[in-house]
Structures are given as structure tokens and as C-alpha cells.
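*Asks:* This is the structure, below, for whatever I ask next.
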Amino acid sequence: MLNCLEKLLAQGKCVRYMCQDETRLGLKTLTGKVITAAGVKPTVEVKWQRENFWIYGAIEPLTGKHLQHEYPKLNGEYFQQFLDWYLVQLGDDYAILQIDQAPAHTSSAIRWPENIIQELQPPHSPELNPIERLWQFLKKSLKNELFSSLQALSDSEALLRSADRIQEIFNQLTFKQVMSVSSYNFILEALFYPASY
């Protein structure tokens, strides 16, 4: 991968370091702490429905750029659709895409575009992927909220009715916020080291 990267940089190509992962969201209530008056036991209404969908996302820790797309399941077919969609967003740039070793990512059926270079993180190490902290940040905003349907949680038309919480949260994210939750020192040092020569 290093030789490939050196060639791209020598040709003056823009190479982005992106971190990709998916998270599941659904109607089951995410519970969290609530503040009440002294001596008052907090109560929160909870739904146990299991309907859900997946958000496939990618972030660039160096700049805070982020993108996401919603899919009904996590599998190789939808990951391929995400890669194809991401390729359009990438344009003429190249990307090193850090991914985990989920079967959806490592399937032999995945057709990797020429300008997306996969970087597999070690198995069973989600803490190495900065987008995991973005998912925690996202889900924190949804704690103790009830949604009547998946549409109320995700549908882009619902944004007009202020019901699309996911899109609303992503629209409010700033590059600075994404950088603050995703800029791990070891990643920044690795990115700045080659630039120092």
C-alpha cells in the first residue's frame, strides 16, 4: 500500500484518509441518564420494537468531512452500493478507507474501485476506528426518545416536519465536532509524518 500511496502523491493526486463503519438504529429506545428533582425517581417510556435500519458512514479525521447513507441491512450487497455511492462523492480524489474485518467488507464479491484503497484494521478492535466515537455521539442525542415508526426516525421527508432526527443531527454536525471526536493522535501523527519530509 505504501508504494501505491507514494506513486499517487508523486503524481499530485489528492489522497484522503477515511474511516468507515456502520451503525444500527431502530425503534427500540436507547435509554440513558435523566435529571430529576431530588427524591424523584426518573421514569422513561420505552419501546421494545425491533425494526431497524443501518447507517453506513465515513469520516475524514484530518478535516472533519463526513458522509453517511442509509440502508435496510448490513451485508456485502449494501456495502457494495455504499462503495459505489462513495466513489461518486469522491470524484477524482483517492481514498485510503479504514474498515473493520466484517464479512460484508471482506467478501470476495466486493468490487473495490481503483481509487479506493482498503486498510483493514486488526480483528476485534473497534476502538481503533474513530467513526465509532461519532456513532456514540449520534446515539447520545437519541437517548430516551420515542419514535412512532422508522420513517419518523429516518425519512428525509420527515425532516420538514422536524421528525427526522438522524438527518437533523448529521446536518447540525460541524467539521470541528467531527474532528474533535475522531482525530486520534496516532492517526494524525501518521498523516503528518510523511508530510514533514
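*Asks:* Under 5 Å between amide hydrogens, which residues at least 5 positions from Gln98 or on another chain qualify, with H placed 1.01 Å from N in the peptide plane?
*Replies:* Met18, Cys19, Gln20, Glu119
*Asks:* A follow-up question, please. Can you tell me the order of 93-101, 15-23 when each peptide is scored by its average per-residue count of other Cβ atoms within 10 angstrom, highest first? Let's see the in-between values first.
*Replies:* Numbers: 93-101: 19.1, 15-23: 20.9.
In decreasing order of mean packing, 93-101, 15-23 become 15-23, 93-101.
*Asks:* Trypsin sites (Lys or Arg not before Pro) within region 85-141: which are DSSP loop residues with at most 11 other Cβ atoms inside 10 Å?
*Replies:* On the way: sites: Arg111, Arg133, Lys139, Lys140; in loops: Arg111.
Passing sites in region 85-141 are Arg111.
*Asks:* Can you give me the pair-distance distribution of region 61-127, C-alpha pairs, 5 Å bins, whole percents?
*Replies:* All Cα pairs, binned at 5 Å, distribute as 4, 14, 25, 29, 21, 7, 1 percent.
Here, each number is a calculation from the coordinates, and none is a lab measurement. In this text, all values refer to a predicted model and were calculated from it rather than measured experimentally. Please note: Cβ atoms are built from the backbone with ideal geometry, for glycine as well, and neighbour counts cover all protein chains shown.
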